[in-house]
1. State the number of residues belonging to region 83-102 that are in a loop (DSSP other than H, G, I, E, B) and without any contact (Cβ under 8 Å) to a residue 12 or more places away in the chain.
2. Please determine, by comparing only the residues of region 48-94 that are among the polar types (S, T, N, Q), modelled with pLDDT of 90 or more and over 24 Å from the mean Cα position of the chain (by Cα), which one is farthest from residue 130 (Cα to Cα).
3. In contact with a Lys or Arg (Cβ under 9 Å, 6 or more places away or on another chain) and under 23 Å from residue 67 (Cβ atoms) - does that describe any residue in region 99-110?
4. Does residue 36 satisfy being modelled with pLDDT under 85 and of a type in the set (Gly, Ala, Ser)?
Amino acid sequence: MKNKLLIATIIVSTFVILLMTTMFTIRLIRYRQIPSSPTAEVTTVDPALSAPPLENSLTPNKISLTPEEEEMSRLIKQLPIKTDAFNISMNYADSVFVVQIAQPGEANYKVFEKWLVDNNFSKISKDKFRIVF
């Protein structure tokens with residue numbers, strides 16, 4: 001009889017413990033539930049107000065350069081140029097080429113002028129060059 005009472009107590013205790021654990025777990029899950037996400041407001045941009053992509057706006061069909069501008073662009077791509085007679089760099093703030101002429105200045109200036117003609121840069125006007133002796 002004592003054994004039956006002991007077994008009944010163990011079964012009831014186990015049942016109560018399982019019941020309490022289950023209830024505690026359910027409450028914990030409900031407590032930790034993620035609240036519903038706030039709704040996000042979606043706004044659209046008027047296509048007329050947005051700028052076109054840069055690569056599309058610079059297509060060759062839309063840009064026509066003068067012969068001087070083409071030569072200047074070609075010269076800028078080759079910078080800096082360093083020779084024994086002169087060096088060429090670009091002053092982007094003033095949009096001029098800075099030409100440093102080595103000594104003797106007069107002779108090396110003539111070398112620079114000949115170099116411009118020989119390399120097909122003769123269409124660039126002289127006011128685009130700042131000569132430094």
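The values are calculated or read from the model by the stated rules, or taken from the named source; none is laboratory data. Owing to the predicted nature of the structure, the values given are computational and were not obtained by experimental measurement. Heads up, the Cβs are rebuilt from the backbone with ideal geometry, glycines too, and the neighbour counts pull from every protein chain shown.
1. Counting residues in region 83-102 that are in a loop (DSSP other than H, G, I, E, B) and without any contact (Cβ under 8 Å) to a residue 12 or more places away in the chain gives 2.
2. 66
3. Yes, some residue in region 99-110 is in contact with a Lys or Arg (Cβ under 9 Å, 6 or more places away or on another chain) and under 23 Å from residue 67 (Cβ atoms).
4. So residue 36 passes the test.
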